[in-house]
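Down below is the structure, laid out as structure tokens.
The values are calculated or read from the model by the stated rules, or taken from the named source; none is laboratory data. Source: prediction; values computed, not measured. Backbone-built Cβ (ideal geometry, glycine too); neighbour counts: all protein chains shown. Protein only, heavy atoms only, side chains kept; ligands, DNA and RNA dropped before computing areas. Shrake-Rupley method; radii C 1.70, N 1.55, O 1.52, S 1.80 Å.
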Amino acid sequence: MSGRAYDEVMELALRRGFYFPSCEIYDGAPAGFWDYGPLGNALKNRYVEAWRRYVVRYDGMVELDGSVIMAKDVFVASGHLESFADPITRCLRCGSVFRADRLLQEKTGKIVPERLPDSEIYAMILREGVRCPSCGGELSEVTRFNMMFRVSVGGEGAEAYLRPETCQSLFIDFLRVYKIGWSRFPLPLCQFGKSFRNEISPRQGLLRLREFYQAEVEVLFDPEDDLDERRWARLKDHRLRLAHDGESVTEITAEEAVREGLVPMRIEAYYLALIQRFYEIIGIDRTRIRLRRLGEDEKPFYARESWDLEVQTSLGWVELVACNYRGDYDLSGHMRVSGKDLTAYNRGRKFVPHVFELSMGVDRSVYVLLEHNLTSDGRRRVLRLPPFLAPVQVAVLPLVDRDGLPEKAMEVYEALRIDFDAVYEADDTIGKRYRMLDEIGVPFCVTVDYQTLQDDTVTVRDRDTTRQERVPVSELKAWLSRALSYPDVR
RNA sequence: GCGGCCGUAGUCUAGCCUGGUAGGACGUGGGCCUGCCACGCCCAAGGUCCCGGGUUCAAAUCCCGGCGGCCGCACCA
């Protein structure tokens, strides 16, 4: 696992301002927090806009924005207070920490029930004589480490938590959203926003953060009513890259996957196709994408079936999207704890909606976009982002910094700067400017030369081919709009 | 959290083993030059050598602790 590409992305991120450590002027700042600089923020925003286009609007989803701090009861209902913490024991001699239940199972072969109280687990450790696998030392009592950040709210210090996933507000807000008119199923709710997890050892830059962006889709549906034909027709022929047991990938259309039982329901196959296609559109090499079905021991506590959309990187396969069939776990839980009725009405029948979710890691996706698109042929280093994702869309350059060219170039820049993310660059030789702009993925460079002063045309240089085309200044805006437009999908 | 390696201007790095308070490259600012793909010239700014403590006449260099980074284990909704 060579991390060379990772190191190159990291160096570029620091030097050109894509992202960098949070609070970095202070010593002792905790790990797992990163800030987006000007370019990274722009890239992240474009990624989210693409998501809105190819996932949210394409499917007719309903986007909400919930609060980050949520009441304790939310996480009683969601199971996070109980299940988001693992029973832990530590070695009293060497300090190593172990999952108590797994250690017991490994050493004794006995299954440790998930709900067993900590004191019982500890009693088992003593009874079975289990000791530290590293040094043979004695093990401590069993404790829990919850990965949620606890906060206290108001003068009373009411117990609340930073959400560990964005989706809980979608489940909770469902009641109101449903009542005020969004009452057709399937009902895909979605949200882009921050989540927080107190990871034990955050690592690898944007790949594992304690504060991070998610873009989550929670499709609420009637379990007796599989996907409508209108949606199904759109993506049933898309070829899914399904990974079974480990490595081998089978390419199979969504329709065949359902027919052959590889994916149980149409609604799952459809949304798996939707999300895989999204990553293909934004420029991730599809041969480096797989949808891996998780085994029983890997699934989150609330999931009935899980697929991870994974992408191959220099650090191995990275999970970008968790796709989970959550059943009625969430709404039933919130009904039980809140006492509110979250059933819906469809075709003369009351039911608790089931949920299929697409939980996307935004920061990880941004990282993968950088790593997959950063190319180097020895002389030239180019960030080959699709033009519609580029943080800077166009640069305006006077060929030389004299003879009236800068004035004319500035005029061109002024005409573009509101409609596009444009920069003006006059320093250094023209070749050097092209190189600097290639590195941050600027897809088009508009150069004002001596001919411009004669006939009011400029050259537009293509980042990927370095070829230049002469375009009248009067047509520049239309030319760029076309070149920067989103690819069409039906 | 455990173990290994590591932490020097914005970035990459020399120096560390064999203590004597830092040198380069790129980048940045200014000037010159420049008719299209980083190769030009001149000048300048920029360093708490991660932080704290210890040893020493003297610490970037040796020792301890902390923080951070990478890798492995563990964990990963």
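Pull up the range A:175-234, narrow it to residues that are touching a Pro at 6+ places or on another chain (Cβ under 7 Å) and open to solvent by 50 Å² or more (accessible area, probe 1.4 Å), then point me to the one that is nearest to RNA strand B (Cβ to nearest atom). Across the range A:175-234, the extreme among qualifying residues is A:Arg197. Of the residues that make up the range A:138-145, is at least one under 15 Å from A:Phe75 (Cα atoms), of a type in the set (Asp, Glu) and part of a loop (DSSP other than H, G, I, E, B)? Within the range A:138-145, not a single residue is under 15 Å from A:Phe75 (Cα atoms), of a type in the set (Asp, Glu) and part of a loop (DSSP other than H, G, I, E, B). In the condition set (1) part of a loop (DSSP other than H, G, I, E, B); (2) assigned by TED's automatic domain parsing to the domain that holds A:Tyr47, A:Phe171 is compliant with all but (1). Could you say whether any residue in the range A:18-31 is within 8 Å of RNA strand B (Cβ to nearest atom) and not in a loop (DSSP other than H, G, I, E, B)? Yes, the conditions are met somewhere in the range A:18-31. Every test in (1) surrounded by 11 or more Cβ atoms within 10 Å (Cβ to Cβ); (2) modelled with pLDDT of 80 or more; (3) not aromatic (Phe, Trp, Tyr) is passed by A:Thr108 save one, and that test is (2). Has the range A:42-51 got at least one residue that is open to solvent by 50 Å² or more (accessible area, probe 1.4 Å), among the small types (Gly, Ala, Ser) and farther than 25 Å from A:Pro186 by Cβ? No; the residues of the range A:42-51 include none that is open to solvent by 50 Å² or more (accessible area, probe 1.4 Å), among the small types (Gly, Ala, Ser) and farther than 25 Å from A:Pro186 by Cβ.
Would you check which residues across the range A:414-442 are of a type in the set (Phe, Trp, Tyr) and modelled with pLDDT of 95 or more and list them? Scanning the range A:414-442 gives a single hit, A:Phe420.
This table checks each residue for (1) more than 8 Å from RNA strand B (Cβ to nearest atom); (2) assigned to a loop (DSSP other than H, G, I, E, B); (3) touching a residue at least 24 places away in the same chain (Cβ under 8 Å).
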| site | (1), (2), (3) |
| --- | --- |
| A:Ala5 | yes, no, yes |
| A:Leu14 | no, no, no |
| A:Asn45 | yes, no, no |
| A:Arg53 | yes, no, yes |
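Taken over the range A:384-395, the criterion of being hydrophobic (A, V, I, L, M, F, W, C) and either within 11 Å of RNA strand B (Cβ to nearest atom) or farther than 10 Å from A:Leu437 by Cα (or both) is satisfied by A:Leu385, A:Phe388, A:Leu389, A:Ala390. Taking the range A:362-392 on its own, how many of its residues are hydrophobic (A, V, I, L, M, F, W, C) and farther than 27 Å from A:Arg482 by Cβ? The qualifying residues number 2.
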